[in-house]
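Engineer: Please read through the structure below; I'll follow up with questions.
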Protein chains: 2
Amino acid sequence: MASVREVRLKSRPVGTPTRDNFEIATVDLKDPGPGEVQVKNLWMTVDPYMRGRMNDVKSYAPPFALGEAMQGGAIGEVTASNDPSLKPGDLVQSMFGWREGFTAPAQGLQKLDPRGLPVQAFLGAAGMPGLTAYAGLLRIAALKDGDVVFVSGAAGAVGSMVAQIAKAKGHEVIGSAGGAEKVAFLKEIGVDHVIDYKAEKDLNAALAAAAPGGIDVYFDNVGGAHLEAALNSAKLFARFAICGMISIYNATEPPPGPRNLAQLIGKNIRMEGFIVSHHFDLMPKYIEDLSGWVKDGKVKWKETVFEGIEKSPDAFLGLFTGENLGKMLVKLA
Amino acid sequence: MASVREVRLKSRPVGTPTRDNFEIATVDLKDPGPGEVQVKNLWMTVDPYMRGRMNDVKSYAPPFALGEAMQGGAIGEVTASNDPSLKPGDLVQSMFGWREGFTAPAQGLQKLDPRGLPVQAFLGAAGMPGLTAYAGLLRIAALKDGDVVFVSGAAGAVGSMVAQIAKAKGHEVIGSAGGAEKVAFLKEIGVDHVIDYKAEKDLNAALAAAAPGGIDVYFDNVGGAHLEAALNSAKLFARFAICGMISIYNATEPPPGPRNLAQLIGKNIRMEGFIVSHHFDLMPKYIEDLSGWVKDGKVKWKETVFEGIEKSPDAFLGLFTGENLGKMLVKLA
C-alpha cells in the first residue's frame, strides 16, 4: 500500500454540492516513523454535517481546506506499526476518512473491539449516529414515561435509532420519511404511525391525524416544514431535540424559520440544539443498552453501501436526495 | 357605587387593534349575596398578552368574549362585604380588571398586604411582570455566575426587572429599547450597554459590538429581528428565555421565524418558552429577594399611568407603539 487514493474538496459548493466539487488524487504514504502506524481503511462514513464543513465559515467543526483530503469517520486495519500500542491486524477507528489509507500517530487512533458486531456498525448504530439518537432522546429531550415521540428523517442513521430506542422504552412513535421503501422499513421496526412526507400535501394535517392528542417529544433531523408541524402539534411542556436541519443545509439564502415559533411561549416548549461530541460520556452506557436491545431483537439497522473510494462523493450527494435507507456508508476494502 | 363603567371587546381586531375595537358600557352592580363582596377598583393593568386573547383562537388563556367586559389584573378596595373573610376597606387583587368595580365571591379574590409598597406595584414589579422576570431569568434561563445577559424590551415592565435582577446579581447586561427617554432610563438603572433599536440600522452589528465575547442568556420580550441577533451573538450553551414576541402580536399573516435557527445546533443553544402562571411557587422567594433589593436601592421601577377607565384602550394600544416606560397602568380611582 505505497500509494492510496483520497478525495479532496476541489471547490466550495454553492447550494447543492455536485460531483465537480470533489476530486480524487493518488498520494504516496510514508512509512510509519516512531510512534506511528500505517492503516488501510475498510469503511468510511458520509454524514449530513459534512456539508457545513464545505463552507468557509466558522462553526463547531473547522471548514475543510480546499485541495486537501477531507476528514471524516473511518474504520481501518493496521498494516504496519512503529508503536507498541498497535500491531498489524488491529482494527482502529479514526477521523481519517475520505481516503483508502494513511500513516498517522497511533495516539490519535482508537483501537476497536467489535464485540461481535459488524465493524461498520461503529460508524452507525454503535457509533456517533446511534449515540446522537440516545443522547438527544434521553438527555436533551429528557424522555419520560408516556411521552408521545415524533421523529423526522426516521429512516436515516440517527432517526431510525431514535424510533427504535423510543419503541424499546415503550413509547408511541410517529416517524416521518420519504418514499415507499422507507415507509415499509419504519413499519417493520415497529413505528406506530408513519408519515410519508413526499406523499403528503399537508404535513401539519398528517401529524395532527397521527397524534390527535399531540406530541411530547420531537427529534428534529430535518427542520423547515417538519419543525413547523411539530410546533403546531406540541403539547404543553413539549421538548424538542434539535439535531439537524437537512432541509436547509444546501440553501444559498438562509431560509426563514418556522412561522409559528411564538407557540414556544403559550405551550412552554423547550427547544434545544446539540452536538453529539458534548455527550461522549454517555457512550459506555449506550453501548451497554444497545447490546441488550440487539440481543432482545428490539433494535436493528439498515445500511446503504457504496463501494470504492471513487463512489464516496455520490454517497455523500445521495444524503440530500434521500437515497439512503439507514446509514450511508462507503466500503473501501 | 350602584353603577360602574366597564370596557368591552366590541369587535376582534385584525392586525393592530384600534379604539373602535372597544366600547365602554355602564352596568349596575348587584348587592353582594352570601359569600360575596363588592369592590371598587383602584388600578388596572394592560399587558401585551391580552392581544392574544382578543383573537378567537385557543391558547393558554381563553379568548375574550365579544360584548362582554374583558378580564385582567386589578387592585381594588372592598366597599361592601357579605363574607367574613373580607371587610370594607380591605385591599384585594383580582382578575376583574377593565371595569370600575364588581360584585364577586370573596373566595376568588386575593387579600393584599402592600408591605409599604404603593399598591399598584403589585400589578408590576411586585406582581406578575416582576415574577415573570425572576422566573424567566433564574429558572428558565438558569442564570449562573459570569453570564452575559441580553434583554429586549428592556425598559418595559418585565424587561426593566430582568435588567435590574441581573445587575443586582453582578452580571454584565445589554438592554435594548426604543428612544432617548428609555435609553436614559436604562443607563440610570445601570444597564452596561444600551441599544436603541429604533436608531440602529443593524441590530446584529449593534449587539455584536455591545457583547464582543457573545451572550450567555437572552431574555426575549420582542421576537423577530431581536431573536435573530441574539442567535448570532449566542455563545456555546447559551440559554434563551422566550417570554414574549410583541413584534409579531399584531401580524395578520404569521411572520417567518429567524433565518438562523440552525445555530441552535452548533452552539447547543437551549430556547425555552414560558408562561408565568406555571411559576407561582416562586412568588414568596421573589418577594423576599425583591424587598432586599429595594431596600439596598438596587431595584426601582417606572410607571406610565393613564387616568380613568375611558383611557384604558389608549393605554393598551400604547403598548404596541412603545409609549410606556416601565409598567403601563390605568388609575381608576
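Engineer: Kindly provide the set of residues from region A:315-324 that are surrounded by fewer than 17 Cβ atoms within 10 Å (Cβ to Cβ) and of a type in the set (Gly, Ala, Ser), ordered by number.
Structural biologist: A:Gly318
Engineer: I've got another one for you. For the subset of region A:121-138 comprising residues that are out of contact with any Gly (no Cβ under 9 Å at 6 or more places or on another chain) and not hydroxyl-bearing (Ser, Thr, Tyr), which member is surrounded by the fewest Cβ atoms within 10 Å (Cβ to Cβ)?
Structural biologist: If we take residues in region A:121-138 being out of contact with any Gly (no Cβ under 9 Å at 6 or more places or on another chain) and not hydroxyl-bearing (Ser, Thr, Tyr), then A:Leu138 is surrounded by the fewest Cβ atoms within 10 Å (Cβ to Cβ).
Engineer: Follow-up. Is it the case that B:Glu228 is at pLDDT below 95 and among the acidic types (Asp, Glu)? Give the derivation first.
Structural biologist: Details: at pLDDT below 95: no; among the acidic types (Asp, Glu): yes.
So B:Glu228 does not fit the description; no.
Engineer: Any residue at all in region B:86-96 that is within 17 Å of B:Gly318 (Cα to Cα) and assigned by TED's automatic domain parsing to the domain that holds B:Ser312?
Structural biologist: Looking through region B:86-96, none of the residues is within 17 Å of B:Gly318 (Cα to Cα) and assigned by TED's automatic domain parsing to the domain that holds B:Ser312.
Engineer: Within region A:157-182, how many residues are within 15 Å of A:Asp196 (Cβ to Cβ) and not in a helix (DSSP H, G or I)?
Structural biologist: Qualifying residue count for the region: 6.
Engineer: Continuing with the same structure: Could you look through region A:21-61, keep only residues that are over 18 Å from the mean Cα position of the chain (by Cα) and either within 23 Å of A:Gly326 (Cβ to Cβ) or within 14 Å of another protein chain (Cβ to nearest Cβ) (or both), and pick out the one that is surrounded by the most Cβ atoms within 10 Å (Cβ to Cβ)?
Structural biologist: A:Asn41
Engineer: Determine whether region B:62-80 contains at least one residue that is touching a Phe, Trp or Tyr at 6+ places or on another chain (Cβ under 9 Å), closer than 23 Å to B:Ser3 by Cβ, assigned to a strand (DSSP E or B) and of a type in the set (S, T, N, Q).
Structural biologist: Scanning region B:62-80, I find no residue that is touching a Phe, Trp or Tyr at 6+ places or on another chain (Cβ under 9 Å), closer than 23 Å to B:Ser3 by Cβ, assigned to a strand (DSSP E or B) and of a type in the set (S, T, N, Q), so the answer is no.
Engineer: Considering only residues that are assigned to a loop (DSSP other than H, G, I, E, B) and surrounded by 14 or more Cβ atoms within 10 Å (Cβ to Cβ), which ones fall in region B:183-205?
Structural biologist: B:Ile189, B:Gly190, B:Val191, B:Asp192, B:Tyr197, B:Glu200 - these are the residues of region B:183-205 that are assigned to a loop (DSSP other than H, G, I, E, B) and surrounded by 14 or more Cβ atoms within 10 Å (Cβ to Cβ).
Engineer: Let me ask another. Consider A:Pro118 against the criteria (1) in contact with a strand residue (DSSP E or B) (Cβ under 8 Å, 6 or more places away or on another chain); (2) outside the structural domain of A:Ile215 (by TED's automatic domain parsing): it satisfies all of them except one. Which criterion is unmet?
Structural biologist: (1)
Engineer: Which one of B:Ser176, B:Ser233 is at pLDDT 95 or above and under 20 Å from the mean Cα position of the chain (by Cα)? I'd like the intermediate steps shown before the answer.
Structural biologist: Values: B:Ser233 fails: under 20 Å from the mean Cα position of the chain (by Cα).
Among B:Ser176, B:Ser233, only B:Ser176 is at pLDDT 95 or above and under 20 Å from the mean Cα position of the chain (by Cα).
Engineer: Got a number for residues in region B:112-163 being more than 16 Å from B:Gly73 (Cα to Cα) and among the aliphatic types (A, V, I, L, M)?
Structural biologist: Result for region B:112-163: 17.
Engineer: Okay, next question. Just to be sure I understand the filter: pairs with C-beta atoms under 7 Å, separated by 6 or more residues or on different chains, first member in region B:184-201 and more than 22 Å from B:Ala229 (Cα to Cα), second member modelled with pLDDT of 95 or more and hydrophobic (A, V, I, L, M, F, W, C). Which pairs pass?
Structural biologist: B:Ile189/B:Ala163
Engineer: Among the residues of region B:83-104, write down those that are basic (Lys, Arg) and not in a strand (DSSP E or B).
Structural biologist: Within region B:83-104, just B:Lys87 meets the criteria.
Engineer: Within region B:312-327, is there a residue that is closer than 28 Å to B:Leu203 by Cβ, in contact with a strand residue (DSSP E or B) (Cβ under 8 Å, 6 or more places away or on another chain), basic (Lys, Arg) and outside the structural domain of B:Gly73 (by TED's automatic domain parsing)?
Structural biologist: no
Engineer: Could you check region B:209-314 for strands (runs of 3 or more DSSP E) lying wholly inside it with 1 or more residues that are surrounded by 24 or more Cβ atoms within 10 Å (Cβ to Cβ) and away from chain A (no Cβ under 14 Å)?
Structural biologist: B:215-220
Engineer: Follow-up. All but one of (1) more than 18 Å from A:Val276 (Cβ to Cβ); (2) without any contact (Cβ under 8 Å) to a residue 60 or more places away in the chain; (3) in contact with a Pro (Cβ under 9 Å, 6 or more places away or on another chain) hold for A:Ser85; state the number of the condition that does not hold.
Structural biologist: Going through the list (1) more than 18 Å from A:Val276 (Cβ to Cβ); (2) without any contact (Cβ under 8 Å) to a residue 60 or more places away in the chain; (3) in contact with a Pro (Cβ under 9 Å, 6 or more places away or on another chain), A:Ser85 breaks only (3).
Engineer: Would you say B:Gly244 is farther than 20 Å from B:Ile140 by Cβ and in contact (Cβ under 8 Å) with a residue 60 or more places away in the chain?
Structural biologist: Here the answer is no, as B:Gly244 does not meet what is asked.
Engineer: Could I ask something else about it? (1) surrounded by fewer than 24 Cβ atoms within 10 Å (Cβ to Cβ); (2) touching a residue at least 40 places away in the same chain (Cβ under 8 Å); (3) more than 18 Å from B:Ala230 (Cβ to Cβ): which one isn't true of B:Gly170, the others all being true?
Structural biologist: Tallying (1) surrounded by fewer than 24 Cβ atoms within 10 Å (Cβ to Cβ); (2) touching a residue at least 40 places away in the same chain (Cβ under 8 Å); (3) more than 18 Å from B:Ala230 (Cβ to Cβ), B:Gly170 fails exactly one: (2).
Conditions tested, residue by residue: (1) free of Cβ contacts under 8 Å to residues at least 40 places away in the same chain; (2) not aliphatic (A, V, I, L, M).
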{"residue": "A:Val4", "(1), (2)": "no, no"}
{"residue": "A:Ser11", "(1), (2)": "no, yes"}
{"residue": "A:Arg51", "(1), (2)": "no, yes"}
{"residue": "A:Pro62", "(1), (2)": "yes, yes"}
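Engineer: How many residues, within region B:88-116, are surrounded by fewer than 16 Cβ atoms within 10 Å (Cβ to Cβ), touching a residue at least 40 places away in the same chain (Cβ under 8 Å) and closer than 26 Å to B:Ala157 by Cα? First the steps, then the outcome.
Structural biologist: Within region B:88-116, the first condition is being surrounded by fewer than 16 Cβ atoms within 10 Å (Cβ to Cβ), and the residues that meet it are B:88-89, B:95, B:105, B:107-108, B:110-111, B:113-116.
Applying the additional criterion that residues be touching a residue at least 40 places away in the same chain (Cβ under 8 Å) yields B:105, B:107, B:115.
Imposing the further condition that a residue be closer than 26 Å to B:Ala157 by Cα reduces the set to B:115.
So the answer is 1.
Engineer: Looking at A:Lys58, is it assigned by TED's automatic domain parsing to the domain that holds A:Trp98 and modelled with pLDDT under 95?
Structural biologist: Taking the combined requirement at face value, the residue satisfies it.
The values are calculated or read from the model by the stated rules, or taken from the named source; none is laboratory data. Treat the numbers as computed from the prediction; the structure is a model and nothing was measured. Note: ideal-geometry Cβ built from the backbone for every residue, glycine included; neighbour counts use all protein chains shown.
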